[in-house]
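Notes to accompany the following structure.
Just so you know, all these numbers are worked out from the coordinates, no wet-lab data involved. Keep in mind it's a predicted model, so treat the numbers as computed, not measured. For neighbour counting, all protein chains shown are included, and Cβ atoms are generated from backbone atoms with ideal geometry for every residue, glycine included.
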Amino acid sequence: MQKARRLAEVKDLLASPEFSAWWQSLSVARQALRELTEQYDELLTQAMLMDFRAELAQKNAIDTLYRSGEHEDAAAGLLAESTELENQSFKSVGDFEELRFRASETWYKLGAAERQLEEQKEQLQQAQQQREKLQGSARREADARHSQREHELKLAERAFRQLQQEYERDNTRKTRVWDEVERIWARSAEMSLTMAEKKMQAKKVRREAETGFAQAEERKQRAQKLRAEAEAKGSSREQANQRLTEVLTQAREQFSCAIGDEFLYFRERDQSQRAFAVGLVADSQTFNIEVKPLAVYHVDRNRGVSFLEPAVEQPPSVEEGDRRFEAYFLQGRKGEKKPAAAG
Amino acid sequence: MQKLEVLSRSPLFEMLSTPELEFVADLSRPRRYAAGEIVFEEGELGDSLYVIVEGEVEVLRKNDSGELKVLTGLAAPAFFGEMSLIDKEYRSASVRAKTEAVLLHLTAENLALFRKQYRDGFTFLVINIARVLSSRLREANTRLASRL
């Protein structure tokens, strides 16, 4: 049963050694709870953060692994392309060899044709010299032979020119095919070199991914450890909370008051609808006035701490108020004489 | 922060006794403002006044083209916001923290509590507000007279 008190009694109680001891216990219990709550929150935050970092590391490792696969695919693509170019180059080398053989053949033929042409030129010259020495029917036969030789020379010259053109054509094609072979070889070499680099990159990136997976695993374990520590701290916090409740409950029994989380309440003597609330916290924001620890407030039963009034012993006497009014209105302001012209 | 010391220096609480000042100190709530932060704006409904504890504030008002113009600056232990508290009109100007500032906030409800507990003290508080308003009116009259 709560005991009704006057304000002076409440203030006496607050000043008593018993209350001071209780207040000390409450402060210790609150401080312990506050510290444990902070530690618990910190550990839980760290555990959550570590979980998140583990997930992030895992995701990055997976992405890295994909990247390694991309490098491997690129290397395989380059290998296939390089092989195809190699095969293409074999065919082109075959074409070149064939053209080279044909050009050599034509070259020999051209040499033979040239020799034949020279011989026929000499024969025509001899036939002409012989013809000039002859008369009559012998001359006519010589003319006919000469004409024959001229005809044969023209044929030989035409054959020579054709061979010459054929040789030039074959030679040009041969050079072009060789250029193509060299281009394919260069491209194939480039592919091979790039492929080797891609393979090495794939290896390197795979190693990075493996490191990432290891890091993710390590972080998961750290998060588990932190979570276990947080749970242990949570149990300690729960005990501290129970201790705080015990201390507050003790106040109800020891001081015959009602208890809240932030106030103690004492029934006010001769005022059944009112009570005294003693602040247990400092709070300048929540209530209608600033609440200070161990300050005493008036509250009514209906509104409670939603409307606090500072509790004061006694209002000043009427006489004191009167004296101030006299001083203000009758004795002039601040001891100065009233100026004559002032309104 | 020693509220009592601040309040005892303020012209708003001149002539109040120590218990009255202590009571007002208990009623007032400290408010902290960053530089540039608005305390209240012109046109708002106001039922409270502020006493400057630390820092400076500036009183601003919109001109015809809507631009904010600084009317004056105030520093501790000046007070402001009393006009709307008395005439129950909308705020006649905006107030903005010029520097980081700490203010004590007193609402009409707080003053009603003060009146309930200390009637004479409350009367002096109203007299002090009237004195300040009277002083401003005199100043305005002087300025007006110099332009006539």
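Under a no-solvent Debye model with one identical scatterer per Cα of region A:207-273, what's log10 I(q)/I(0) at q = 0.27 Å⁻¹? With one equal scatterer per Cα and no solvent, log10 I(q)/I(0) is -1.07. Between the alpha-carbon centres of region A:23-37 and region A:164-204 there is a gap of 83 Å. In straight-distance terms, cross-link reach from B:Lys88 covers every one of the lysines whose alpha-carbon lies under 22 Å from its own, apart from those fewer than eight places away in the same chain; here that gives B:Lys62, B:Lys116.
Could you identify which residue out of A:Gln24, A:Gln148, A:Gln215 has the top mean-square fluctuation in a GNM of chain A using Cα springs shorter than 10 Å? Checking each option, the largest mean-square fluctuation is seen for A:Gln148.
About the centre of its Cα atoms, the protein assembly as shown shows a dipole size close to 840 debye [charges on the beta carbon of Lys, Arg (+1) and Asp, Glu (-1) only; nearest 20 debye]. Shape annotation for region A:51-224: C-alpha extents along the principal axes are 130, 15, 14 Å, from largest to smallest. Three principal axis extents describe the C-alpha atoms of region B:70-125; from largest down they are 37, 24, 17 Å.
Taking other C-beta atoms within 10 Å as the exposure proxy, B:Tyr90, A:Tyr297 rank B:Tyr90, A:Tyr297 from fewest upward. Could you tell me which residue out of A:Trp23, A:Ala327, A:Ser235 lies farthest along the dipole of the protein assembly as shown toward its positive end? Charges go on the beta carbon: Lys and Arg +1, Asp and Glu -1, centred on the Cα centre. Positive-end residue among those listed: A:Ala327. The alpha carbons of region B:3-142 stretch over 47, 34, 26 Å along the principal axes, in descending order. Between A:Gln254 and B:Ser92, the FRET efficiency estimated from the beta carbon spacing at R0 = 60 angstrom works out to 0.65. With the Kirkwood sum run over all distinct C-alpha pairs, chain A has a hydrodynamic radius of 33.6 Å. From its DSSP helices (H runs of at least four residues, each -39,500 (n - 2.57)), chain A gives a residue-normalised ellipticity at 222 nm of -28500 deg cm²/dmol. Note on chain A: with a GNM built from Cα contacts shorter than 10 Å, the maximum mean-square fluctuation among A:Asp143, A:Asp261, A:Asp270 falls on A:Asp143. Our estimate of slack between A:Gln2 and A:Arg301, defined as 0.36 nm per intervening residue step minus the Cα-Cα distance, is 106.2 nm. Helical runs assigned H by DSSP (4 residues or longer) give chain B a calculated mean residue ellipticity at 222 nm of -13000 deg cm²/dmol, each run adding -39500 (n - 2.57) before division by the residue total. Separation of the alpha carbons by more than 19 angstrom is noted, of A:Lys59/A:Lys225; A:Lys59/A:Lys220; A:Lys109/A:Lys154, for A:Lys59/A:Lys225.
Where the centroid of each part is defined by its Cα atoms, how far is region A:66-144 from region A:228-244 in Å? Region A:66-144 and region A:228-244 have Cα centres spaced 100 Å from each other. When chain A is treated as a GNM with alpha-carbon contacts under 10 Å, the residue of A:Phe325, A:Phe160, A:Phe263 showing the greatest mean-square fluctuation is A:Phe325.
Ranking of B:Arg143, B:Arg115 by neighbouring Cβ atoms within 10 Å, starting from the fewest: B:Arg143, B:Arg115. Projecting the Cα atoms of A:Gln165, A:Val181, A:Gln125 onto the dipole axis of the protein assembly as shown, where Lys and Arg carry +1 and Asp and Glu carry -1 at the beta carbon, places A:Gln125 farthest toward the positive end.
Shown is the FRET efficiency for A:Glu119 and A:Trp178, computed with R0 = 25 Å from the Cβ-Cβ distance and rounded to the nearest 0.05: 0.10.
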